[in-house]
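Comments concern the structure below.
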Amino acid sequence: MSKRKPFVGGNWKMNLHGSEAQALASALNAGFAHAAQVDAAVFPAFPYLASVGAALAAGGHKIKLGAQDGYFQPNGAFTGEVSLSMLKDVGVKVLLTGHSERRHVLHECDELINRKTRAGLDAGLEVILCVGEKLEQREQGQTDAINAGQTALGLAGVKADQMSRVTIAYEPVWAIGTGKNATPADAQAAHVAIRRVLAGLYGDAIAQGVRIQYGGSVKPANAKELFSQPDIDGGLIGGASLKAEDFLGILNAAVK
Ligand code: PEP
């Protein structure tokens, strides 16, 4: 079991329209009884950040409001983008960066991910930086090298005193939305390797404090075993975060 406070995020992606998103936030408020033991956040689509934020506030902010993306420039001619101060304005506390869909579907590179990560931290947000290998990279034995590269490039220029607001999400690309997940032992090994990279960058004391979530087809049925690994500090959840019962089951599985 991890010595850090577990952190479980629900990435709703491009799912759930307004009333569905609000209803899910309200159901999570009603059912989540372990805020003292587990940090929780949900990441709705941009148009519903304010309404979901209001629903979470009505439940006493036990669950934090997160954004799936945000641009690093403060304002200006960036059609379609949303600034971090705009996100903060509507109550966002946590920013996702480097999600595999942004890397591999929207073609974000490590440099852009790094700029967003640094800007999120400079804006005072918590940041969850996602890393993870593709299937062919795993098959070629490159898992740790890919994670190390994405972690170091994503964190370039991040100051040691900002690391308490950084979470890493290890999300093997082949496990996201596929129903396949890394075995607890494989995930634990990847997390240990990522923590070693953090120790190389920031020293052991800081590395030991950073939470590393696992993501990739986490369900209520497999969450407990994954979260019981010593270096798995909660999870980043996609599909199973869209149903209150499933996400609550996963949140409960993170209680030590
Ligand atoms: C994710 O979107 O980060 C994710 C892990 O998705 P899923 O849980 O559906 O695999």
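The values are calculated or read from the model by the stated rules, or taken from the named source; none is laboratory data. The model shown is predicted, which means the values in this text are computed figures rather than measured ones. Cβ coordinates were reconstructed from backbone atoms using ideal geometry, including for glycine residues, and neighbour counts include every protein chain displayed. Accessible surface is based on the protein model in full, side chains and every heavy atom, while ligands, DNA and RNA are left aside. Shrake-Rupley method; radii C 1.70, N 1.55, O 1.52, S 1.80 Å.
Give me log10 I(q)/I(0) at q = 0.14, 0.21, 0.33, 0.34 Å⁻¹ for region 1-41, Debye formula, one equal scatterer per alpha-carbon, no solvent.
Evaluating at q = 0.14, 0.21, 0.33, 0.34 Å⁻¹ gives log10 I(q)/I(0) of -0.41, -0.76, -1.17, -1.19.
How much accessible area per residue does region 59-190 have, in Å², with a 1.4 Å probe?
In whole numbers, region 59-190 has 45 Å² accessible per residue.
Over all Cα pairs of region 153-256, how is the pair count split among 5 Å bins, expressed in % and running from 0 up to the last occupied bin?
Once binned at 5 Å, the Cα pair distances of region 153-256 give 2, 13, 23, 23, 17, 12, 8, 2.
Which lysines have a Cα less than 21 Å from the Cα of residue 5, not counting those fewer than 8 places away in the same chain?
62, 64, 93, 219, 224, 256
How far apart, in nm, are the 7 Å Cα→Cβ label points at residue 14 and residue 62?
So the label points at residue 14 and residue 62 sit 3.3 nm apart.
Can you tell me the Rg and Dmax of region 176-218, counting just the alpha carbons, in angstroms?
Calculated on Cα positions, Rg and Dmax stand at 12.1, 36 Å.
Determine by what factor the alpha-carbon radius of gyration of the chain differs from 2.2 N^0.38 Å, reporting the quotient.
The value comes to 0.93.
Give me the base-10 log of I(q)/I(0) for region 108-157 at each q in 0.16, 0.18 Å⁻¹, Debye formula, one uniform scatterer per Cα, rounded to two decimals.
Per q value, in the given order, log10 I(q)/I(0) is -0.48, -0.57.
Helix check for the chain. Which DSSP H runs span at least 24 Å along their own axis by Cα, with a mean Kyte-Doolittle hydropathy no less than 0.0?
The qualifying helices are 184-202.
Could you point to the residue in 71, 19, 132 farthest towards the positive end of the chain's charge dipole, with +1 and -1 charges on the Cβ of Lys/Arg and Asp/Glu respectively?
19
Rounded to the nearest percent, how much of the accessible area of the chain (1.4 Å probe, protein heavy atoms only) is carbon and sulfur?
Whole-percent figure for carbon plus sulfur exposure: 55.
Subtracting the Cα-Cα distance from 0.36 nm times the residue separation, let me have the gained length for residue 79 to residue 30 in nm, one decimal.
13.8 nm is the gain from fully extending residue 79 to residue 30.
Across every pair of different alpha-carbon atoms, what Kirkwood hydrodynamic radius in Å does region 31-97 reach?
Here the Kirkwood hydrodynamic radius works out to 12.6 Å.
Using only helices, what value at 222 nm comes out for the chain when you add -39,500 (n - 2.57) per DSSP H run of length 4 or more and divide by the total residues, to the nearest 500 deg cm²/dmol?
Calculated mean residue ellipticity at 222 nm is -12500 deg cm²/dmol.
Using Cα centres only, tell me the gap between region 103-126 and region 1-51 in whole Å.
First find each Cα centre; the distance between them is then 21 Å.
Once the principal axes of the Cα atoms of region 61-163 are found, what is the range along each, listed largest first in whole angstroms?
44, 32, 28
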